[in-house]
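Presented below is the structure to which this report refers.
The values are calculated or read from the model by the stated rules, or taken from the named source; none is laboratory data. Since the model is a prediction, treat every value here as computed from it, not as a measurement. Using ideal geometry, Cβ is built from the backbone for each residue, glycine included, and neighbour counts are taken over all protein chains shown. All accessible areas refer to the heavy atoms of the entire protein, side chains included, with ligands and DNA or RNA removed. Shrake-Rupley method; radii C 1.70, N 1.55, O 1.52, S 1.80 Å.
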Amino acid sequence: VNISPKELSKEVSISENEAKNIYEQRIGEFAVEETRDIKQLLYLNKKNASKAFNFLLNADNNIEYIAKKTNAINIGATNIEKIKWNDLPKEIANPVFSLIENEWSEPFETSLGWHIVKVTNINKETTKSFEEVRYEIETSIQEEKAADIVFDLANKLEDELAAESNLETAANNIGLNE
């Protein structure tokens, strides 16, 4: 006798209300973290970082020119897209996630050197809609219900076998007659 939760899950029906209730209960699982796109200039010393920052404040946005002229470690800016808070060391995440879009940070020091960072895009935190995760929720509920059914069938089968039925008779008695 083979009782497969995966096979049983195909037969389990889920109402839209049930799926929506689970969505509301698990809404935190469907959050999409805020991400930011940044440009970064990196320097060995504060003097060069400050010089670059002053160029940037004076609306001179030719970053490659500024990087070369001020001896940036990274010639041109390093572009990083869709960076999350947890993807960065805290000493960099704090300044990056306190900036508004299109704002340059003042130079700040980390163990890597002196940074100047500009946030070029902010993708706000969102939550996936019910429709986006509906299939995932329904599949999850079906698998949970199927596992419960398998557990119940296994218990009934044990009871039948304990009553001295043979396996075929026991399976037939609980509706597993294939």
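Would you check if Lys145 is open to solvent by 50 Å² or more (accessible area, probe 1.4 Å), under 29 Å from the mean Cα position of the chain (by Cα) and closer than 14 Å to Val12 by Cβ?
Numbers: open to solvent by 50 Å² or more (accessible area, probe 1.4 Å): yes; under 29 Å from the mean Cα position of the chain (by Cα): yes; closer than 14 Å to Val12 by Cβ: yes.
Criteria met by Lys145.
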*Give me the pairs, please: first residue somewhere in the range 132-159 and at positive phi, second residue anywhere and of a type in the set (Phe, Trp, Tyr), beta-carbon distance under 9 Å, and either six or more positions apart or on two chains.*
none
*Any idea which of Glu101, Glu106 is surrounded by 12 or more Cβ atoms within 10 Å (Cβ to Cβ), modelled with pLDDT of 95 or more and in a loop (DSSP other than H, G, I, E, B)?*
Glu106
*If you take the residues in the range 10-47 that are of a type in the set (A, V, I, L, M) and assigned to a loop (DSSP other than H, G, I, E, B), which one is farthest from Thr110 (Cα to Cα)?*
Val12
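On the given criteria, is Glu132 closer than 30 Å to Lys6 by Cβ, of a type in the set (D, E, K, R) and assigned to a helix (DSSP H, G or I)?
Considered against the rule, which asks whether it is closer than 30 Å to Lys6 by Cβ, of a type in the set (D, E, K, R) and assigned to a helix (DSSP H, G or I), Glu132 comes out as yes.
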*Single unsatisfied condition, Ala154 versus (1) open to solvent by less than 50 Å² (accessible area, probe 1.4 Å); (2) touching a helix residue (DSSP H, G or I) at 6+ places or on another chain (Cβ under 6 Å)*: (2)
_Residue that is most open to solvent (accessible area, probe 1.4 Å) [pool: residues in the range 109-131 that are without any contact (Cβ under 8 Å) to a residue 60 or more places away in the chain and under 23 Å from Lys47 (Cα atoms)]_ = Ser111
*Assess whether Ile73 counts as being β-branched (Val, Ile, Thr), assigned to a loop (DSSP other than H, G, I, E, B) and out of contact with any helix residue (DSSP H, G or I) (no Cβ under 6 Å at 6 or more places or on another chain).*
yes
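Has the range 2-22 got any residue that is surrounded by 12 or more Cβ atoms within 10 Å (Cβ to Cβ), touching a strand residue (DSSP E or B) at 6+ places or on another chain (Cβ under 8 Å) and hydrophobic (A, V, I, L, M, F, W, C)? So that I can check it myself, show each step before the final result.
Of all residues in the range 2-22, those surrounded by 12 or more Cβ atoms within 10 Å (Cβ to Cβ) come to 3, 5, 8-9, 12, 14, 18-22.
Cutting the leftovers down to touching a strand residue (DSSP E or B) at 6+ places or on another chain (Cβ under 8 Å) gives us none.
For the range 2-22, residues surrounded by 12 or more Cβ atoms within 10 Å (Cβ to Cβ), touching a strand residue (DSSP E or B) at 6+ places or on another chain (Cβ under 8 Å) and hydrophobic (A, V, I, L, M, F, W, C): absent.
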_Selection count, the range 52-72, where residues are farther than 26 Å from Ile122 by Cβ and surrounded by fewer than 17 Cβ atoms within 10 Å (Cβ to Cβ)_ = 4
*Within the range 50-98, track down each residue that is modelled with pLDDT under 90 and hydroxyl-bearing (Ser, Thr, Tyr).*
Tyr65, Thr78
